[in-house]
Amino acid sequence: MSKEHHYAATTTWTGNKGAGTASYQAYGRDYVIEIENKPAIHGSSDPAFRGDPTRYNPEELLLSSLSSCHMLWYLHLCSEASVRVVEYMDKASGTMLETPNGGGRFSEVLLHPVVTVSDQSMAEKAMSLHAEANKLCFIANSVNFPVLHRAIVHVADL
């Protein structure tokens, strides 16, 4: 039996500079995302689209969602397989293609997880669990482009 999970977020545009959207140049791209009982996320569009470079943009947030979802599934699978992860870091990257009409879409995301396990005997299993995490990630299963991974596994110097 499948379970439903529901999520809620409020996004409020804060970029009205006084004239609203009177012209493309007249308004700011700033917004605030609020989720109950959590700190606000201050966002904007990518600087290429007149956004504030000091704020998160939707493309970065999508990339971060894919990276963190993969990590959480991976850690879960490692704990079940008795693979002791002591460090995890991912420098994810994504490619977005702009279309002639100004729209666009991501063509792929590449995760670069660097994992450190506590013992050499765990390294092979640690590497193999990335494929399973990719199959289980809720966010990766919700996008229409490939989410690939190039993992590296190290053994801790204990």
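Please treat every number below as a calculation from the coordinates, not as lab data. If you're wondering where the values come from, they're calculated on a predicted model, not measured in any experiment. Methodologically, a virtual Cβ is constructed for each residue, glycine included, from the backbone with ideal geometry; neighbour enumeration extends over all protein chains shown.
In the chain, if the dipole is taken from +1 on Lys/Arg beta carbons and -1 on Asp/Glu beta carbons about the Cα centre, which of S65, G104, V155 is farthest to the positive end?
Of S65, G104, V155, it is G104.
Give the cross-link partners of K3 among the lysines, using a straight C-alpha distance below 30 Å as the criterion and excluding same-chain residues fewer than 8 apart.
K38, K125, K135
Can you give the angle from 0 to 90° between the axis of helix 123-136 and the longest principal axis of the chain, with both taken from C-alpha atoms, to the nearest 10?
The answer is roughly 40 degrees.
How big, on average over all directions, is the shadow cast by the Cα convex hull of the range 10-49, in nm²?
Working: hull surface 12.6 nm².
Mean projected area of the Cα convex hull: 3.2 nm².
Report, by chain and number, residues whose modeled amide H sits under 5 Å from the one on G104, excluding near sequence neighbours (fewer than 5 apart, same chain).
T99
Can you tell me the orientation of helix 58-80 relative to the chain, as the angle in degrees between its alpha-carbon axis and the longest Cα principal axis, to the nearest 10?
20
How are the Cα pair distances of the chain distributed, in percent, across 10 Å bins from 0?
Cα pair-distance distribution for the chain, in percent: 9, 29, 30, 20, 9, 3, 0.
Using only DSSP helix segments of four residues or longer, with each worth -39500 (n - 2.57), what per-residue ellipticity at 222 nm results for the chain after dividing by its residue count and rounding to 500? Let's see the in-between values first.
Numbers: 2 runs with 37 residues, N = 158.
-8000 deg cm²/dmol, from helical runs alone.
Considering only DSSP beta bridges whose two residues both sit in the chain, what percent are antiparallel, to the nearest 5? Please list the in-between numbers first.
Numbers: 18 of 26 bridges.
Rounded to the nearest five, the antiparallel share is 70 percent.
Considering the chain, which cysteines have no disulfide-compatible partner, defined as another cysteine with its Cβ under 4.7 Å away?
Isolated Cys, the chain: C78.
Which order do H5, H149, H154 fall in if you start with the one that has the fewest other Cβ atoms within 10 Å?
Details: H5 5, H149 19, H154 13.
The fewest-first ordering by Cβ neighbours comes to H5, H154, H149.
In whole Å, what are the extents of the range 1-78 along the principal axes defined by its C-alpha atoms, from largest to smallest?
Largest first, the range 1-78 extends 51, 24, 23 Å along its Cα principal axes.
Tell me the relative contact order for the range 10-49 as a rounded percent, counting alpha carbon contacts under 8 Å between residues six or more apart. Could you put the intermediate results ahead of the total?
Working: 53 pairs, mean separation 13.8, N = 40.
Dividing the mean separation by the residue count of the range 10-49 yields 34 percent.
Kindly rank 119-130, 39-50 from highest to lowest mean number of other beta carbons found within 10 Å of each residue. Each step should come with its number before you reach the end.
Working: 119-130: 16.3, 39-50: 14.4.
Answer by packing, highest mean first, reads 119-130, 39-50.
Tell me, how many Å apart are the Cα centres for the range 129-157 and for the range 57-78?
Between the Cα centres of the range 129-157 and the range 57-78 lies a distance of 9 Å.
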